[in-house]
Each structure stands twice: as C-alpha cells, then as structure tokens.
Amino acid sequence: MAGEHILIVDDEKAIQKALRGVLEDEGYRVSAVGSGADALKAVAEEMPDVVFLDIWMPHMDGLDTLAELKRQRPEATVVVISGHGTIETAVKATRLGAYDFIEKPLSLEKTLITVTRALEHGRLERENAALRARLDERTEIIGQSEPMRALREQIATAAPTSGRVLIHGENGSGKELVARAIHALSARRERPFVEVNCAAIPEELIESELFGHERGSFTGALNRRRGKFETADGGTLFLDEIGDMSVKTQAKVLRALEEQAFERVGGREPLKVDVRVIAASNRDLPARIATGTFREDLFYRLNVIPIEVPPLRARKEDVPALVEHFIRVFCAGNGKRLKTVAPASLTYFMTYDWPGNVRELRNMVERLVIMVQGDTIAPEDLPPPLRAKAEVAPLAEGKPLKEARDNFERAYILAELRAQDWNMTRTAERLGIERSHLYRKIRTYNITPPK
C-alpha cells in the first residue's frame, strides 16, 4: 500500500535525489538526511516504515548508525546500501539487525522489490509483536509481591491435577487470567479453553449456551447447536461469575459435573464429555447458600481447590511492574514508541487504591499511552481520579496523617528505586539521604528488592 514513510540516509545528494524520485513516483512519502546523527534525530521524531542507510558516511558511518538505531528502536526495518559491497560488510550489517543489503549503482527494479518486501516484513513483525503482547497479556501473571508469589504456587500446584477449581476475587482482579494460567500449565493445554460469562447470558438462553440444543427445540432453534460443555471436550470450561447463575441452571450443571454427561435442550441422547471445570465468582457464595440462591452441593463440587485472587490494593508493590507491562502492550498494539512513567507520576499510581483493580489500572494506562503526546508520562498528564484537579500531591482521603505520609513516602522511595534499577547509591543521592538511611527506610516499609 502506497503512502508509507521511507527515510533515506546518504551523504550524497545525487543518491538522495534519485532514490527519492523513484520512491515518490510509487506513492511513498519520502524524507532524506545526510548523516547518521541526523538519521537518529529523524527516527526519534517519527518512526519511518523503512530506512535506506548508506554504509560509507563521514563522522558516524552506517554500521555505527545501524547499531545505535537498532538499540533505540529494535523494531526498525533497515535496508543497507553501499557502493563498496563486500560479504564481510553485509554479514556485519545483518548481525546488527539490517533486513537487507543492496549495492550501488542502485537497480530500479531491485530497489522497488526490496521496498515492497521490507514493508511487508515490517508489517508482519508489528503484527507478531502485537499478537505476542496480546497472548502474554492473557496468560502472564505480573508481580513479585508476597500475595502473588503465593498465588503462583497455588496455580502451579493445582494446574497438573484434574481437580475442579473455584476462584474468588473482586471484579477486575484477574480471575480469568488465573483460570487461563491453570489451563496453560495443565495436561489439557493443547485442548480448548472455553469461557462462559454466566452473568452476561439471559436466563432463557443459558441452558442452550451451556448444553446446546436440537433443531426445533424452541422458537428460533433452526439448527442443531453444540453447547460450551461439548465445545470444551478434552479441555477446560471456565464458568465466570457462576454466583449469578439461576438455581434451576445450577441443578443441571451439578448433574453434568457428577455424571460428566448431559443432554442438549430438546434432546434425549446423553452426551459424554471429558471437561475440567474452573469456576469464578466475586460473590460471597457461602452467604448466597444461606439465602438459598446458591446450591450447597454445587459449591462443594466446585470448591475442590479454592483460590483467592488478591485485590490490587493488597499488593501495591506490583503496581510499577503492571504499569510497565501494560505500557509495552499498548505501545506495541498502537504502533507507538515505548513510553516511560516519571517517578513522581508513579507515586500517584502507588497511592491510589484502585477499586476497579487491575482492569482499572489497565484502562488507565491504555488511555495515557494513547493520549499523552510525549515519551514520558508526567504528573500533569494524569487524569482524575488518579490525580485530582489543581492537586500538587497525591491525596489519601480518610486516612490519618501519619498513615497517608508513610504511604506516600513508601511509594515515592519504591518509584525512585525502580527508576534507578535498584541501585542504592544512586537512589540515595536522588532522594538526598545517606545510604544507611535509605536501607533503614527499606526495612521500615518492608520493601523487597527483586531477586
């Protein structure tokens, strides 16, 4: 597709002019610079789709420029050009990350073929990066806090077994992520993972959704349909928000669990399945049992392995890692340069209680990645409720002054430690305190350095 941006880096004006003319005739948007230093500046301002880079240039040659360019922007697609092509130079350029190598004098046909292939290569690389980011996001458990280490141990223990799992946690805390992690570590990993949100399906359709239906079994049933139990055969069925399921449907699910068999709606033939069920709820199921809105026998069938997902406010030390993770995901997904969060901004993230848990944090980071123009997310970029209007420091409403001050200080020290890669000397200098004082603060606030 024409219109892509191509950057030419060559100290010869004649080469710039000739190459620009050929590429612009094909509809590409072309810019040109005459040195490696100017190339790095241009790429910092706007990432081109393809870079044509001359090897032999004064001051900073093409190989040095290539090395620095790939260090700053690993995803850059670079085609190296040279009037003195040797196998040794081509090998060096390839090792440094060049996509291709062409020689002067440039052949019109070869140049256009190379551009087409380089653009396609770049597109596939971006698609793969976005796909990997999405897959990582769906299965990767982020955080090294004590609650998350305990959660990982529970997942690792439960995954290889065939026991049913009941996951409890607040909305947005990551219950589906835990279910997917259990499936990914189980012997069923190559088989389907099928999710059903019990709260999102109308009562009159939930049985058909779970067990399928025969043609003509109800108005609108024009064809036979397989249900989720059947689709998940051999794999894992994740029943999310099971606390919202009606008592009538609970009875049918209980029977399916007990017999590993069911009938489609309107059907008479029992269908045998081999399904591992993982259920999740944000409800207090024992309380619902007491009020008669959840079956006690189903609860015990599901609650073989109970797992509690901690709310984000109980693992604040994981917030910086989650912020970094989501920044990578959304920068890759939106084709943006990787952003960083200023330590002062990270303090706001650390002191906010995140009532919506990881989902709220994820949405906040996505918003900031899209809306913030620069490479650094500054405090003034943060919207409410993360940072109140006309506020100069994070507030902690409803907390005693000492607790609020301690929370702020802990968050600020942790943010600075991460910004300095946990180098104690640099962190102490940045904070304006002695190293021994910093160590005391770390012990006082129970800050655990990464292993």
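Would you please classify the overall shape of the chain from the alpha carbon gyration tensor, given that a ≥ b ≥ c denote the square roots of the eigenvalues, rounded means a/c under 1.5, and beyond that prolate means a/b larger than b/c while oblate covers the rest? Could the numbers behind the result be given before it?
Working: a/c = 2.72, a/b = 1.46, b/c = 1.86.
Here the chain falls in the oblate category.
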Quiz item: Which value, in debye to the nearest 20, gives the size of the charge dipole of the chain about its Cα centre, when Lys and Arg are +1 and Asp and Glu are -1 at the Cβ?
Solution: 1200 debye
Practice problem: Tell me the label-point distance for the pair Leu338, Gln260, using the 7 Å Cα-to-Cβ offset, in nm and rounded to one decimal. | Solution: 4.7 nm
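As an exercise, use a Förster radius of 41 Å and the Cβ-Cβ distance of Glu153 and Asn423 to find the FRET efficiency, rounded to the nearest 0.05.
Numbers: r = 30 Å, r/R0 = 0.73.
Plugging the Cβ-Cβ distance into 1/(1 + (r/R0)^6) gives 0.85.
State whether the stretch 52-100 is rounded, prolate or oblate according to the following rule on the C-alpha gyration tensor (a ≥ b ≥ c being the square roots of its eigenvalues): a/c under 1.5 gives rounded; otherwise a/b larger than b/c gives prolate, and the remaining case gives oblate. Walk me through the numbers before you get to the answer.
Numbers: a/c = 1.83, a/b = 1.29, b/c = 1.43.
Oblate, because a/c is 1.5 or more while a/b does not exceed b/c.
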Exercise. For the stretch 302-451, compute the number of Lys pairs whose alpha carbons are separated by less than 26 Å, excluding pairs fewer than 8 positions apart on the same chain.
Key: 13
Quiz item: Does the stretch 206-358 come out rounded, prolate or oblate by the C-alpha gyration tensor, with a ≥ b ≥ c the root eigenvalues, rounded set by a/c under 1.5 and, if not, prolate when a/b is larger than b/c and oblate if not?
Solution: prolate
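In the stretch 400-451, what chymotrypsin sites (Phe, Trp or Tyr not before Pro) fall in a loop by DSSP, with at most 16 other Cβ atoms inside 10 Å?
Details: sites: Phe408, Tyr412, Trp422, Tyr439, Tyr445; in loops: Trp422, Tyr445.
Taking the stretch 400-451 and a limit of 16 other Cβ atoms within 10 Å, the loop chymotrypsin sites (Phe, Trp or Tyr not before Pro) found are Trp422, Tyr445.
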Quiz item: What spacing in nm lies between the two simple spin-label points modelled at Glu308 and Asp64, each 7 Å away from Cα in the Cβ direction?
Solution: 6.0 nm
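Compute the Kirkwood hydrodynamic radius of the stretch 5-136, taking the inverse of the mean of 1/r over all pairs of distinct Cα atoms, and give it in Å to one decimal. Provide the component values of the computation, followed by the final result.
Details: mean 1/r = 0.0673 Å⁻¹.
Mean inverse Cα-Cα distance, inverted, gives 14.9 Å.
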Self-check item: Cβ-Cβ FRET estimate between Glu120 and Thr231, R0 fixed at 51 Å, reported to 0.05
Solution: 0.90
Quiz item: Could you give the distance between the Cα centres of the stretch 210-285 and the stretch 355-384, to the whole Å?
Solution: 39 Å
Self-check item: Per-residue [θ]222 nm for the chain (sum of -39500 (n - 2.57) over DSSP H runs n ≥ 4, rounded to 500)
Solution: -14500 deg cm²/dmol
Practice problem: Taking the chain as the reference, fit the longest principal axis to its C-alpha atoms, fit the long axis of helix 357-371 to the helix C-alpha atoms, and give the angle between the two in degrees, 0 to 90, nearest 10. | Solution: 30 degrees
Quiz prompt | Full-stretch length increase - Val247, Glu26 - with 0.36 nm per residue and alpha-carbon distance subtracted | solution = 73.0 nm
Quiz item: To the nearest 0.05, what FRET efficiency results for Asn197 and Leu108 with a Förster distance of 60 Å applied to their C-beta separation?
Solution: 0.60
Practice problem: Mind putting a number on the dipole of the stretch 146-310 about its Cα centre? Charges go on the C-beta only, +1 for Lys and Arg and -1 for Asp and Glu, and I need it in Debye to the nearest 20. | Solution: 420 debye
Quiz item: Relative to the longest principal Cα axis of the chain, at what angle does helix 62-72 sit, 0 to 90 degrees, rounded to 10?
Solution: 30 degrees
Quiz item: Does anyone have the angle between helix 175-184 and the longest principal axis of the chain? Alpha-carbon axes, 0 to 90°, nearest 10?
Solution: 80 degrees
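Can you give me the relative contact order of the chain as a percent, contacts being Cα pairs under 8 Å and 6 or more apart? Can you show the working numbers first?
Details: 685 pairs, mean separation 52.7, N = 451.
12 percent.
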Exercise. In nm, give the distance between the simple-model label positions of Tyr300 and Thr444, each being 7 Å from the Cα along the Cα-to-Cβ direction.
Key: 5.2 nm
Quiz item: For the chain, which span is the longest to avoid every loop-located (per DSSP) member of GluC sites (Glu not before Pro) having at most 11 other Cβ atoms inside 10 Å?
Solution: 191-396
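None of the figures in this text is laboratory data; all of them are computed from the coordinates on show. Quick caveat, the model's predicted, so the values are computed rather than measured. In this analysis, Cβ positions are derived from the backbone assuming ideal geometry, glycine residues included, and neighbour counts consider all displayed protein chains.
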